[in-house]
């Protein structure tokens with residue numbers, strides 16, 4: 001306590017009362033700086049994990065942009081639109097497994113490149129899934145061992161015509177309906 005010239009005692013302010021004017025701004029700036037450092041650390045961690053699958057990313061995008069079916073569906077030029085939307089990279093005992101969803105932009109349409117790949121050590125990437133999903137629902141499989149449209153035809157039929165109609169199964173009463181005649185339907 002201190003005495004005034006009139007002789008009355010005035011209580012002296014505490015530490016907070018004397019220092020709050022500089023503690024509050026410094027505390028707020030310190031909190032913002034801590035959040036910024038945490039953000040930079042998380043971005044750095046994300047970039048370092050992305051570097052593990054960068055080979056799969058660049059190789060898959062190159063395969064997709066050079067494929068004739070993808071160029072026809074999306075329209076050239078095709079570009080990867082930024083970083084993958086979903087990324088999962090695991091390395092266990094020298095085997096790296098990467099799963100990516102990479103947005104692709106073309107002049108006619110957009111698509112999503114789905115990648116599920118793995119490699120052992122310094123070997124090549126082996127793709128379990130390498131497809132482009134066009135926004136209209138079309139899926140284009142880009143793997144080397146993927147079945148082509150020609151492989152989907154029945155054996156011995158290269159004409160491209162639909163197969164002949166199959167015989168109708170017998171009805172509930174065991175009789176086959178005669179061609180050209182309507183059968184009764186009970187509701």
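Which of the residues that make up the range 90-111 are crowded, with 17+ Cβ neighbours inside 10 Å and part of a strand (DSSP E or B)?
If the condition is that a residue be crowded, with 17+ Cβ neighbours inside 10 Å and part of a strand (DSSP E or B), then 96, 98, 99, 100, 102, 104, 111 are the ones that fit.
Yes/no per residue for (1) loosely packed, with under 10 Cβ neighbours inside 10 Å; (2) within 30 Å of residue 113 (Cα to Cα); (3) modelled with pLDDT of 80 or more:
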{"residue": "16", "(1), (2), (3)": "yes, no, yes"}
{"residue": "19", "(1), (2), (3)": "no, no, yes"}
{"residue": "28", "(1), (2), (3)": "no, no, yes"}
{"residue": "36", "(1), (2), (3)": "no, no, yes"}
{"residue": "54", "(1), (2), (3)": "no, yes, no"}
{"residue": "57", "(1), (2), (3)": "no, yes, yes"}
{"residue": "60", "(1), (2), (3)": "no, yes, yes"}
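It is to be established whether one or more residues within the range 55-63 are more than 21 Å from residue 144 (Cβ to Cβ) and touching a residue at least 24 places away in the same chain (Cβ under 8 Å). The answer is no; no qualifying residue exists. Annotation: of all residues in the range 115-130 being within 16 Å of residue 62 (Cα to Cα) and touching a helix residue (DSSP H, G or I) at 6+ places or on another chain (Cβ under 9 Å), the one that is surrounded by the most Cβ atoms within 10 Å (Cβ to Cβ) is 115. Within the range 117-147, the only residue that satisfies the criterion of being under 11 Å from residue 96 (Cβ atoms), free of Cβ contacts under 8 Å to residues at least 12 places away in the same chain and not in a loop (DSSP other than H, G, I, E, B) is 126.
Can residue 105 be described as in contact with a strand residue (DSSP E or B) (Cβ under 6 Å, 6 or more places away or on another chain) and either over 18 Å from residue 129 (Cα atoms) or modelled with pLDDT under 80 (or both)? Spelling it out, residue 105 is indeed in contact with a strand residue (DSSP E or B) (Cβ under 6 Å, 6 or more places away or on another chain) and either over 18 Å from residue 129 (Cα atoms) or modelled with pLDDT under 80 (or both). Mind listing whichever residues of the range 128-145 are touching a strand residue (DSSP E or B) at 6+ places or on another chain (Cβ under 8 Å) and either closer than 13 Å to residue 110 by Cβ or modelled with pLDDT under 85 (or both)? Residues satisfying the conditions are 132, 133, 134, 135, 142, 143.
Of all residues in the range 73-89 being over 20 Å from residue 140 (Cα atoms) and loosely packed, with under 15 Cβ neighbours inside 10 Å, which is farthest from the chain's Cα centre (by Cα)?
Looking at the filtered set, the residue picked out is 82.
The values are calculated or read from the model by the stated rules, or taken from the named source; none is laboratory data. Everything quoted here is computed from the prediction, not taken from an experiment. Ideal geometry is used to build each Cβ from the backbone, glycine not excepted, and the neighbour counts take in all protein chains shown.
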